[in-house]
Ligand SMILES: Cc1cc2nc3c(=O)[nH]c(=O)nc-3n(C[C@H](O)[C@H](O)[C@H](O)COP(=O)(O)OP(=O)(O)OC[C@H]3O[C@@H](n4cnc5c(N)ncnc54)[C@H](O)[C@@H]3O)c2cc1C
């Protein structure tokens, strides 16, 4: 294979994954990260089967599972106790489950795996990308050049994306969230994402996310939905904040006593970004920089991992880099497109002031999810295996077989080169055990 000099801007999930994969393929990779000291920033998240597949191919899923929490069910109800959502992975395939993970655990697993030829510039904020020359310039005016490829993976709030390609849509969501990690203790829903709603205006989520290498305490990721306009002030009046949580879900409040309010709460804002093109000259977008969306469907990490995998696979061909970049973008289009669509339409059902919509949701969502067709469709979207309107994202048989009845993977995994060609797919052949 040819050896490329590659610059990666951003050492989040997408940047980490692509740096590791391209280094393993023998490319010379140099990463530029604005944070002065390396460390995971971000909430716990749910790693779906498609994201697990990428880590399995890299030989890292076993390690991550030692820290993560298996999540077999997503359940949400109104504060009054009416079921709104009830999705169980095993109804799609008994071998599938989600994996609740602390950002720190995924960060450490990917970081420790990237050893060979590691070149990482911390505290280096890139402000300009020269897609013609293959160069980047940092905030201090230093220019780094001679790259065959510049991967822009600077996240949802990317300041560089428009230097690569004009956005067709780029707007912030009016709603965001406060979040924190709390000790799980004797939390009764150890393998479930649980949510509570009041209309679409109030939502609490509690996701088991296991431990991380530097902290053996099993934790839950707490998520409290708020309009962005209220984020700055939320919790300044701590008793009022506690009362608001208690009104939605007293069990959640019982886990928050050790959390200083508001200082122990982080804020999350999200964007909806669509690019018609993902590349220009020698520069290419990856992860949230290419396709930021609301985390309502919990797919962003999975998508970033899949982007990295797709880019690596296309660069393995002998085609000129620009052709490989075009193929990479095309190969991701159908998959990303459907998740963009659904997150845009579902987010207002859970985070907005549309009380009427929420009432329809409360009446229709759960019954629809119990109908065989509805259930199958929703589970496909959840697991990350929906592709386009009717297509299916392939999960190789060997990967499925490596997941035992408890959702734990067997140690063996396919060499990365074989992954893309494995043929039997969940759902494609009808042999997957899809309950619907
Ligand atoms: C509250 C919340 C919950 C979520 N839950 C889930 C979930 O359950 N499941 C899921 O799959 N996804 C979830 N997501 C989405 C997920 O976090 C993102 O999609 C994912 O982190 C995207 O990875 P990325 O590498 O593209 O960007 P990021 O992880 O944001 O990384 C970008 C990196 O670039 C660096 N950077 C930025 N600008 C520059 C610059 N100019 N120069 C150098 N470095 C720069 C940043 O410091 C950062 O390290 C959630 C998001 C939020 C906000």
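The values are calculated or read from the model by the stated rules, or taken from the named source; none is laboratory data. This structure is a prediction, so every number in the text was calculated from the model and none was measured. Note: ideal-geometry Cβ built from the backbone for every residue, glycine included; neighbour counts use all protein chains shown.
Please give the number of the condition residue 116 fails out of (1) at pLDDT 95 or above; (2) over 15 Å from the mean Cα position of the chain (by Cα).
Result: residue 116 passes all but (1).
Would you pick out the residues in the range 210-238 that are within 19 Å of residue 47 (Cα to Cα) and out of contact with any helix residue (DSSP H, G or I) (no Cβ under 8 Å at 6 or more places or on another chain)?
Once the filter is applied, which keeps residues that are within 19 Å of residue 47 (Cα to Cα) and out of contact with any helix residue (DSSP H, G or I) (no Cβ under 8 Å at 6 or more places or on another chain), the range 210-238 yields 218, 219, 220, 221, 223.
In the range 138-156, which residues are within 15 Å of the ligand (Cβ to nearest atom) and surrounded by fewer than 16 Cβ atoms within 10 Å (Cβ to Cβ)?
Across the range 138-156, the qualifying residues are 139, 140, 141, 142, 143.
Checking the conditions here, which among 364, 321, 284, 261 is touching a helix residue (DSSP H, G or I) at 6+ places or on another chain (Cβ under 8 Å) and either outside the structural domain of residue 106 (by TED's automatic domain parsing) or free of Cβ contacts under 8 Å to residues at least 24 places away in the same chain (or both)?
261
Among the residues of the range 329-379, count how many are outside any helix (DSSP H, G or I) and either within 25 Å of the chain's Cα centre (by Cα) or within 12 Å of residue 84 (Cβ to Cβ) (or both).
Residues that pass the stated criteria total 2.
For the range 380-393, name all the residues that are within 18 Å of the chain's Cα centre (by Cα) and in a loop (DSSP other than H, G, I, E, B).
384, 385, 393
Taking the conditions exactly as written (more than 15 Å from the ligand (Cβ to nearest atom), part of a loop (DSSP other than H, G, I, E, B) and touching a residue at least 60 places away in the same chain (Cβ under 8 Å)), does residue 81 satisfy them or not?
Judged against the criteria, residue 81 is not a match.
Going residue by residue through the range 351-371, is there one that turns out to be within 16 Å of the ligand (Cβ to nearest atom) and in contact with a strand residue (DSSP E or B) (Cβ under 6 Å, 6 or more places away or on another chain)?
Within the range 351-371, one or more residues are within 16 Å of the ligand (Cβ to nearest atom) and in contact with a strand residue (DSSP E or B) (Cβ under 6 Å, 6 or more places away or on another chain).
Has the range 210-228 got at least one residue that is away from the ligand (no atom under 12 Å from the Cβ), under 25 Å from residue 112 (Cα atoms) and without any contact (Cβ under 8 Å) to a residue 12 or more places away in the chain?
yes
Within the range 119-137, track down each residue that is near the ligand (Cβ under 9 Å from one of its atoms) and either under 20 Å from the mean Cα position of the chain (by Cα) or part of a loop (DSSP other than H, G, I, E, B) (or both).
124, 125
Can you pull out every residue in the range 8-22 that is outside any loop (DSSP other than H, G, I, E, B) and either more than 24 Å from residue 317 (Cβ to Cβ) or within 6 Å of the ligand (Cβ to nearest atom) (or both)?
9, 13, 14, 15
List the strands (runs of 3 or more DSSP E) that sit entirely inside the range 236-302 and contain at least 3 residues that are crowded, with 17+ Cβ neighbours inside 10 Å, at pLDDT below 95 and within 17 Å of the chain's Cα centre (by Cα).
none
Provide a single number: the residues in the range 23-51 that are crowded, with 23+ Cβ neighbours inside 10 Å, away from the ligand (no atom under 11 Å from the Cβ) and under 21 Å from residue 302 (Cβ atoms).
Of the residues in the range 23-51, 1 are crowded, with 23+ Cβ neighbours inside 10 Å, away from the ligand (no atom under 11 Å from the Cβ) and under 21 Å from residue 302 (Cβ atoms).
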